[in-house]
Amino acid sequence: MENSETPKTAESLRFLPSIDALLRSATATKLLSQTGAKHLTVLARSVIDALRREIQENGVNSIEFSRESLLLEAEKRLEHAWRTEQNTSLQRVINATGVIIHTNLGRAPLSENARQAIFEEASRYCNLEYNLETGKRGKRGARAEHLLAELTGAESALIVNNCAAAAFLVLTVLASGGEVVISRGELVEIGGDFRVPDVLTQSGATLREVGTTNRTKLSDYEKAINENTRLLLKVHPSNYRIIGFTASPNLTELADLAHRRDILLYEDAGSGAIFDLAEYGLTDEPIISQSIVAGADVISFSGDKLLGGVQSGLIVGRREIVERIRKHPLYRALRVDKLIYAALEATLEAFRRENFLQEIPVLRMLSATNAELMTRTAAFADKLRESLGENSALKFEITEGNSVIGGGSAPDVQPVTTLLALKHTKISVSKLEEKLRASKPPVITRILEDKVLIDLRTVSESEEVELLGILVRLK
Ligand SMILES: *Cc1c(COP(=O)(O)O)cnc(C)c1O
């Protein structure tokens, strides 16, 4: 490697702008207010370092050989480095995938009222722990807990960071040092990093597996109960289904058994439903109020799955049990922020007004009929055809397909939907998908059989104009 630099390389290295020169450029001046001076210097240094390395390694072929062009190249890269970095920050996207509770896209989009509650109320000083009637200290989360208890028919409610935290907390408080009986058919993994057996072990409880993967009888549970048993655990399998020769006791039978033997019944309902959603094909999600009636002592479920609110773990059940959980030091570590309470309150209010199908985006999308989607998609396609005009390279057709519930809920339910299938005569399908993903805001689609698919079920009507504009720019 001894002196591998050609004379030309040495010359381009001489022309390589200094970090200071790059920082004085028009591009750097423009970026300064966004990046801050210190970070801009860090970016500029890495751009110059990379350019120097490239010149040393590849000679001058790849980069035009002049002082001006090297500076221009450095400016271009500086801007690109900043844009790339910014793309990793949280930003709104248009979800055209048709996956309603899309975990990678933040699960549930919030209702207008929930967004307002965060923005207008909770993001300023607010009465989080202050009673406006008495002028004294108030109870944190009281309103959200009250609504939750009322809507589920439970005596009490408590809210933590997510459903995994709820399960961990409930098991720690109620079963640490004791045994928990669970069916082998319910030792599931949900969403990659939530495994029921692992959470159980972490909580300090001992797992007592009973039955088989497809069949567990009440007597299996009964035989496993001993003086160390603290509770029976019922876990909703959420993202998978066992079909065929299956059996498991219902919640009432389990509750009767638990209470006869003086232990507790805890149900991890996962998504859960506040109201019966069987009309929309969701026949398998536990309805929380029914679980309470069946006799579950405590139930946990997610705030951002079918409830359509924010990430949170909702715990409901008997007052004495919920208060025991509230008093445990671990609750203090898992409690939620004011923004979460605000969004949850607004979401739960919509359920109480029985206006959730209109107000809560997840439930509005879920309940949209294919007839509605056909009409919407046809109208959108008409506008697109008109805006693209003749001879557009972007081609499309309307086809039928399926949406997905997502979020580990109802894997067997795939609502029929109407799709806009896109193709481009000049670029590949994957390039088309990539271009849509690079638009502002990014449009997230899926590819099937060499077409880019757009499912308006998960696109709000207020986003249609934007989406139209983005598509027209691809003509
Ligand atoms: C989704 C799910 C969880 C985890 O809920 P998060 O809110 O994502 O923490 C736990 N248990 C069941 C049964 C689930 O479906």
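The values are calculated or read from the model by the stated rules, or taken from the named source; none is laboratory data. Since the structure is predicted, the reported quantities are computational estimates derived from the model, not experimental observations. Positions of Cβ are backbone-derived with ideal geometry, glycine not excepted, and every protein chain shown enters the neighbour counts.
Of a type in the set (Gly, Ala, Ser), touching a Leu at 6+ places or on another chain (Cβ under 7 Å) and within 14 Å of the ligand (Cβ to nearest atom): does that describe residue 183?
no
Among the listed residues 151, 110, which satisfies the condition of being in a helix (DSSP H, G or I) and of a type in the set (A, V, I, L, M)?
151
Of the residues 158, 110, 148, 171, only one is touching a residue at least 60 places away in the same chain (Cβ under 8 Å), more than 24 Å from the chain's Cα centre (by Cα) and within 16 Å of the ligand (Cβ to nearest atom); which? Walk me through how you get there before you give the answer.
On the way: 158 fails: more than 24 Å from the chain's Cα centre (by Cα); 110 fails: more than 24 Å from the chain's Cα centre (by Cα); 148 fails: more than 24 Å from the chain's Cα centre (by Cα).
Testing whether each residue is touching a residue at least 60 places away in the same chain (Cβ under 8 Å), more than 24 Å from the chain's Cα centre (by Cα) and within 16 Å of the ligand (Cβ to nearest atom) leaves just 171.
Tally up the residues in the range 114-145 that are in contact with a Ser or Thr (Cβ under 8 Å, 6 or more places away or on another chain) and either hydrophobic (A, V, I, L, M, F, W, C) or touching a residue at least 24 places away in the same chain (Cβ under 8 Å) (or both), please.
Qualifying residue count for the region: 1.
To keep it simple, each residue is scored yes or no on (1) buried (at least 21 other Cβ atoms within 10 Å of the Cβ); (2) in contact with a His (Cβ under 8 Å, 6 or more places away or on another chain).
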position: 383; (1), (2): no, no
position: 387; (1), (2): no, no
position: 407; (1), (2): yes, yes
position: 411; (1), (2): no, no
position: 417; (1), (2): yes, no
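Residues that are within 24 Å of the chain's Cα centre (by Cα) and small (Gly, Ala, Ser), at least 1 per element: which helices (runs of 4 or more DSSP H) completely within the range 280-358 meet that?
329-334, 338-352
Pairs under 7 Å by beta carbon, first residue more than 22 Å from residue 101 (Cα to Cα) and in contact (Cβ under 8 Å) with a residue 40 or more places away in the chain in the range 235-258, partner surrounded by fewer than 17 Cβ atoms within 10 Å (Cβ to Cβ) and charged (D, E, K, R), six or more apart or different chains?
Note: pairs meeting the criteria are 246/215.
Tally up the residues in the range 220-246 that are more than 16 Å from the ligand (Cβ to nearest atom), surrounded by 15 or more Cβ atoms within 10 Å (Cβ to Cβ) and part of a loop (DSSP other than H, G, I, E, B), please.
1
Checking the structure you have, find out if any residue of the range 200-219 is away from the ligand (no atom under 16 Å from the Cβ), free of Cβ contacts under 8 Å to residues at least 24 places away in the same chain and hydroxyl-bearing (Ser, Thr, Tyr).
Yes, the range 200-219 contains at least one residue that is away from the ligand (no atom under 16 Å from the Cβ), free of Cβ contacts under 8 Å to residues at least 24 places away in the same chain and hydroxyl-bearing (Ser, Thr, Tyr).
Hey, can you tell me all the residues within the range 235-271 that are over 16 Å from residue 211 (Cα atoms) and among the hydroxyl-bearing types (Ser, Thr, Tyr)?
Within the range 235-271, 238, 240, 252, 266, 271 meet the criteria.
Could you figure out which of (1) over 20 Å from residue 295 (Cβ atoms); (2) in contact with an Asp or Glu (Cβ under 8 Å, 6 or more places away or on another chain); (3) at pLDDT below 95 isn't true of residue 236?
Tallying (1) over 20 Å from residue 295 (Cβ atoms); (2) in contact with an Asp or Glu (Cβ under 8 Å, 6 or more places away or on another chain); (3) at pLDDT below 95, residue 236 fails exactly one: (1).
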